[in-house]
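Derivation of every value follows stated rules applied to the coordinates shown; laboratory data play no part. These numbers come from a predicted model, not from an experiment. Ideal geometry is used to build each Cβ from the backbone, glycine not excepted, and the neighbour counts take in all protein chains shown.
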Amino acid sequence: MKLFRQLPVFLVVMALAGCATSPDWEVLEEQLSERLESLDGTSGLYLRHLPTGREISIRADSVYPTASMIKVTILAALVDRVERGELAWTEKLVYRDSLFYSDADITGELQDGATVSLDMLARLMTSYSDNTASLWLQELAGTGVAINAWLASEGFETTRMNSRTPGRRSDWEAYGWGQTSPREMAQLMVMIAEGRAVSPAASDRMLRLLSGSYWDGEMLSVLPPGVEVASKQGAVSASKSEVVFVHAPGGAYVLCVITNKQTDTRWAQDNEGYVLLRDVSRLVWETLEPDYPYSPPAGADRWAPPSE
């Protein structure tokens, strides 16, 4: 019953009775294509409905900046080291001022010499997207070289860590911290959700971590709050991105949308890229789950996380 956790009983009964309306995939693809084309910039999308295998790909294999979505790869390489016994998941680590990246981070507020556990850093990286914690974990995962080696071993051809990684300066200049395609980032989330990343137990822990995002103001904001969603968001001035694995009542689906070269570089809730993410997520939910309509209540936007 995991897919129906926290849903009202009558919705569960309806879903089990098989009353869902069959989605029109051709119309959905046309709507999504038109919406992406309206962006003043570039964008790509990958959607896959797991029960049916139906998918929609719109520039899904083009390379885009990951921004903070690269933290999913840090997490995977990190738990791989834990699985191999090279790190202990709950071991205590000593914070040093030399690790400081930003005063917007929770980890960056620690005093020199303070201790923090590895699993807490992973929580801060995935839920709050704490950059100080993430860069620290990048080193603990074996640096970008080890992260990229893990990705290559799992068959990922496009997704790579660029920052602080020897030999990838030109890629860093083009894409920033990391690079990926909508298809590959979605595939990584599916691997985790299906228990195929590192090990079933490691995947289970990663899925739990990715299911508690603080940054729920875009794709997550237009989904019913009772639906469990694993996600990771990313944002720099000219690029907005998000990947979600949605445990929908009619069957799980994965969706990844990435923008780049936006002319709208404002850090505001109505940034064109943020609006695109919300619109795409809404279109997909309304098409795949027509029996479970949802609209954010009036005033919901004032409770959203800040855009900077």
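Please compute the length gained on full extension between S33 and W267, using 0.36 nm multiplied by the number of residues separating them and subtracting their Cα-Cα distance. Walk me through the numbers before you get to the answer.
Values: separation 234, 0.36 × 234 = 84.24 nm, distance 2.50 nm.
Stretched fully, the S33-W267 segment lengthens by 81.7 nm.
Can you sort I70, I106, I192 by how many other beta carbons sit within 10 Å, fewest first?
Values: I70 28, I106 14, I192 25.
Ordered from fewest to most neighbouring Cβ atoms within 10 Å, I70, I106, I192 come out as I106, I192, I70.
Please give the FRET efficiency for E26 paired with R302, using the beta carbon to beta carbon distance and R0 = 35 Å, rounded to the nearest 0.05.
Values: r = 37 Å, r/R0 = 1.07.
FRET efficiency, E26 to R302: 0.40.
Pull up all non-local amide H partners of L93: gap of 5 or more, or a different chain, and H-to-H distance under 5 Å with H placed in the peptide plane.
Amide H neighbours of L93, under 5 Å, 5+ apart: V116, S117, L118.
If amide H atoms are built 1.01 Å from N in the plane of the peptide, which residues on other chains or at least 5 residues away come under 5 Å of the amide H of T66?
Here the answer is G178, Q179, T180, since their amide H atoms fall under 5 Å of that of T66.
Order these by the 10 Å Cβ neighbour count, fewest first: T132, T165.
Values: T132 23, T165 20.
Lowest to highest Cβ neighbour count: T165, T132.
May I ask you to sort R84, R164 by Cβ crowding, counting other Cβ atoms within 10 Å and putting the fewest first?
R84, R164
Let me have the 222 nm mean residue ellipticity of the chain computed from DSSP H runs of 4+ only, each contributing -39500 (n - 2.57), with the sum over all residues rounded to the nearest 500.
On the way: 10 runs with 108 residues, N = 308.
Counting only the DSSP helices, I get -10500 deg cm²/dmol.
So which GluC sites (Glu not before Pro) in region 57-95 are both in a DSSP loop and have at most 16 other Cβ atoms within 10 Å of their Cβ?
Details: sites: E83, E86, E91; in loops: E86, E91.
In loop regions of region 57-95 (DSSP not H, G, I, E or B), the sparsely surrounded GluC sites (Glu not before Pro) are E86, E91.
Tell me, what ³J(HN,Hα) does each residue in region 151-165 have, in order and in whole Hz, if you take phi through Karplus 6.51 cos²θ - 1.76 cosθ + 1.60 with θ = phi - 60° and put x for Gly and Pro?
Each residue of region 151-165 in turn: 4, 5, 5, 9, x, 7, 9, 9, 6, 8, 7, 10, 5, 6, 10 Hz.
May I ask you to compute the full-extension gain from D97 to R123, defined as 0.36 nm times their residue separation minus their alpha-carbon distance, rounded to one decimal in nm?
Working: separation 26, 0.36 × 26 = 9.36 nm, distance 2.03 nm.
Full extension from D97 to R123 adds 7.3 nm.
In whole Hz, with x marking every Gly and Pro, tabulate ³J(HN,Hα) for region 143-148 from phi via Karplus 6.51 cos²θ - 1.76 cosθ + 1.60, θ = phi - 60°.
6, x, 4, 5, 4, 5
Cβ under 11 Å from A197's Cβ, A197 left aside: what net charge do those residues give with Lys, Arg +1 and Asp, Glu -1?
Numbers: positive: R196, R205; negative: D80, E83, E154, E194, D204.
Summing Lys and Arg as +1 and Asp and Glu as -1 gives -3.
Karplus couplings for region 198-203 from phi (6.51 cos²θ - 1.76 cosθ + 1.60, θ = phi - 60°), rounded to Hz, Gly and Pro as x?
Karplus values, whole Hz, x for Gly and Pro: 6, 6, x, 5, 5, 4.
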